[in-house]
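Here is the structure we will look at, set down as structure tokens.
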Amino acid sequence: MVLTDTFRNSFNRRYTSAMDAPTDRDLILRARRGEVEAYGELVTRHQAGVFNVCYRILHERGEAEDLSQETFLRAHSRLNTFDVNRPFGPWIRRVAANLCLNHLESLKPETEFDEERDAAEGAGPEAVVEVRERGEQIRAALASLPARFRVVIELRHYQGLSYDEISAELNIPLSDVKSHLFRARKLLAEKLHAPD
Amino acid sequence: MHLTDDQLNEYLDDALPKRARAESHLSTCAECTARLSALRSLAAEIESLPEESLARNLAPAVTRRLTSPAAAYSGFPRWLTLTTVLQTAAATVLIASVAPFILEAASTFIPALQAPPVMETILEAQRVWTAWLDALSQFQWPSPPELPASLGLSNFYILLALAGTALAWLVGNGLLLRSQIKQ
Ligand SMILES: [Zn+2]
């Protein structure tokens, strides 16, 4: 299928510095034919985005780097299932979010989440004073959420997925998407707007 | 009636089915408007989080793992080296060769020991194996080492020690390799 000019132009502006540089689509097609270097170029282009997904969910740099690497390896093994007419960035970032969720859930099977206990823990003034920068406060607040809440926040707020898309991506019912998202927001509001 | 938290959340996400009705309520209710704006500023705050830069380029590591077959993501496990295979084979042969003697010796200590039916095929295989070993024992070494009788060591104990060593070897290797398998 031939890309429309508009799409191709926006693609180039977004993913390449020069007009003659290969598009993501070209690189994916070459990677599918076994050109590892082409895939390396895709990694270079998208690693920052993928790393940030992992870092927001895992809150630990080294772990986020490892999971980013795993994301690209996993995506490579599934490259044949990827629709080349869709943008690669959003797809690989969704793969990353899913992989991080699996990783967190494999670490410790989550016990039934106790919102009251958790809110009490995070709302103390010392917890707020310790993290000075607002960015760090947001990261710390995200890290305090249960894994599934974190991933739903990631997919909704940072990747812009709809409820239906999140439901399909995580393979959970729509009602769970909503309850996870709304409860996560409530907890984040409590943590971020705690009186200090 | 005020909008529920769920309705406000859905409104924020452009996912509320009866949006017009919610809007008409919001136009007259200061309380719900305030709740919605709190929710909006929370969303803006979450999304304001700056992206962090990556400390190292991941591309070389990814392409390396894609090109080296032993370390490939879905290839052979990395720990399955030639050494491991040879060691395992050697230990297995050693254990198999001494097993009949141990079974035989054990049955003299526990006369009532009955081999379960499942064991019969295994024992049959062992009989073949022992027959082969017997044939092998006809082979004469230039000078067969003689153990002094005063030590009181029978062949059985020597073989037992050998089997123990082989087992320890196998288990020890397994423990050493465990950390590598996890990676
Ligand atoms: Zn109201």
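Determine which single condition A:Leu161 fails, assuming it passes every other condition in (1) within 11 Å of another protein chain (Cβ to nearest Cβ); (2) farther than 13 Å from A:Arg93 by Cα.
With (1) within 11 Å of another protein chain (Cβ to nearest Cβ); (2) farther than 13 Å from A:Arg93 by Cα applied to A:Leu161, the lone miss is (2).
Give the range A:64-94 a look and list any residue that's touching a residue at least 40 places away in the same chain (Cβ under 8 Å) and more than 18 Å from A:Arg33 (Cβ to Cβ), or say none.
Of everything in the range A:64-94, those that are touching a residue at least 40 places away in the same chain (Cβ under 8 Å) and more than 18 Å from A:Arg33 (Cβ to Cβ) turn out to be A:Pro87, A:Gly89, A:Pro90, A:Ile92, A:Arg93, A:Arg94.
Between residues in the range A:176-193 that are touching a residue at least 24 places away in the same chain (Cβ under 8 Å) and more than 10 Å from every other protein chain (Cβ to nearest Cβ) and residues that are charged (D, E, K, R) and assigned to a helix (DSSP H, G or I), which pairs lie under 6 Å by C-beta distance while being six or more apart or on different chains?
These pairs meet every condition: A:His180/A:Arg148.
Could you check, for the range A:52-64, whether at least one of its residues is assigned to a helix (DSSP H, G or I), surrounded by 15 or more Cβ atoms within 10 Å (Cβ to Cβ), more than 13 Å from the chain's Cα centre (by Cα) and not assigned by TED's automatic domain parsing to the domain that holds A:Leu145?
Yes.
Yes/no per residue for (1) part of a helix (DSSP H, G or I); (2) within 16 Å of the ligand (Cβ to nearest atom); (3) in contact with a Ser or Thr (Cβ under 7 Å, 6 or more places away or on another chain); (4) modelled with pLDDT of 95 or more:
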position: B:Ala20; (1), (2), (3), (4): yes, yes, no, yes
position: B:Ser41; (1), (2), (3), (4): yes, no, no, yes
position: B:Phe76; (1), (2), (3), (4): no, no, no, no
position: B:Leu86; (1), (2), (3), (4): yes, no, no, no
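So how many residues does the range B:22-35 have that are near the ligand (Cβ under 10 Å from one of its atoms) and of a type in the set (D, E, K, R)?
2
Return only the number of the condition from (1) of a type in the set (Gly, Ala, Ser); (2) assigned to a helix (DSSP H, G or I); (3) at pLDDT 95 or above that A:Gly160 does not satisfy.
Failing condition for A:Gly160: (2).
Within the range B:18-38, is even one residue under 28 Å from A:Asp176 (Cα atoms) and within 7 Å of another protein chain (Cβ to nearest Cβ)?
No, the conditions are met nowhere in the range B:18-38.
The values are calculated or read from the model by the stated rules, or taken from the named source; none is laboratory data. Note that the coordinates shown come from a computational prediction; the quantities given were computed from them, not determined experimentally. Every residue, glycine as well, gets a Cβ built from its backbone with ideal geometry; the counts of neighbours run over all protein chains shown.
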